[in-house]
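The block underneath contains the structure these notes are about, expressed in structure tokens.
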Amino acid sequence: MIRVSLIIGIGGFAGTITRFLFHSLISRFYPVAFPAGTFSINLLGCLLIGVFYALSEKEGLLPPEWRMFLTTGFCGGFTTLSAFSFESVQLMNAGEYKLMIVYSFLTVVFGILMTISEIWLTKSIHHVRLTGKFVRPDKD
């Protein structure tokens, strides 16, 4: 278990550093309002996890340790969208179309809502710490 955890951790480290460098590069050459870096990373991560899965499951070209390093580790560190996409495909392949749609919808909608609410909550707490008064963050 420790060996597998280290393999995944090293892969995650490599994926995270790659994401940072790739995002910096994209943002430097395409300084637009659209989040091109994150969008590109998410799509590339989905492509990569598909390739790694196919190579390990269908072709048998990747041993289990490499699969864990590349899918859970590298792709997990590079983007979590790849894991979400992969799980959605697994549901689809299992014939769970309704569950896949519900999972996809809930993940996207609640992910956005969680981010919005956490930003609001964090700003509120910070404002209370600074002023001692609660004021809606969008009113400051």
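The residues of the range 1-136 present an accessible area of 71 Å² per residue when probed at 1.4 Å with all protein chains retained.
For the range 16-140, a crude dipole built from +1 on the beta carbon of Lys and Arg and -1 on the beta carbon of Asp and Glu, taken about the Cα centre, is about 560 debye to the nearest 20. Applying both filters, DSSP loop and at most 16 other Cβ atoms within 10 Å, to the GluC sites (Glu not before Pro) of the range 7-76 gives Glu59. Separation of the range 104-122 and the range 34-51, taken as the distance between their Cα centroids, equals 20 angstrom. Can you tell me how the range 27-117 classifies by the Cα gyration tensor, rounded, prolate or oblate, using a/c under 1.5 as the rounded cut? Since a/c reaches 1.5 but b/c is at least a/b, the shape of the range 27-117 is classed as oblate.
Between Val109 and Thr38, the C-beta separation translates, for a Förster distance of 25 Å, into a calculated FRET efficiency of about 0.85. Simple spin-label estimate for Leu6 and Arg28 gives 3.4 nm between the two label positions (7 Å along the Cα-to-Cβ direction from each Cα).
Using a probe radius of 1.4 angstrom, the carbon and sulfur fraction of the accessible surface of the chain is 71%. Using +1 at the C-beta of Lys and Arg and -1 at the C-beta of Asp and Glu, which of Gly45, Ile119, Ser24 has the Cα lying farthest in the positive direction of the dipole of the range 22-133? Sorting the options by dipole projection puts first Ile119. Only DSSP H runs of four or more residues enter the estimate; each adds -39500 (n - 2.57), and after division by the residues of the chain the mean residue ellipticity at 222 nm equals -24000 deg cm²/dmol.
The values are calculated or read from the model by the stated rules, or taken from the named source; none is laboratory data. Here the structure is a predicted model, which means the values were calculated and not measured. Reconstructed Cβ throughout: ideal geometry from the backbone, glycine too, with neighbour counts over all protein chains shown. Accessible surface is based on the protein model in full, side chains and every heavy atom, while ligands, DNA and RNA are left aside. Shrake-Rupley method; radii C 1.70, N 1.55, O 1.52, S 1.80 Å.
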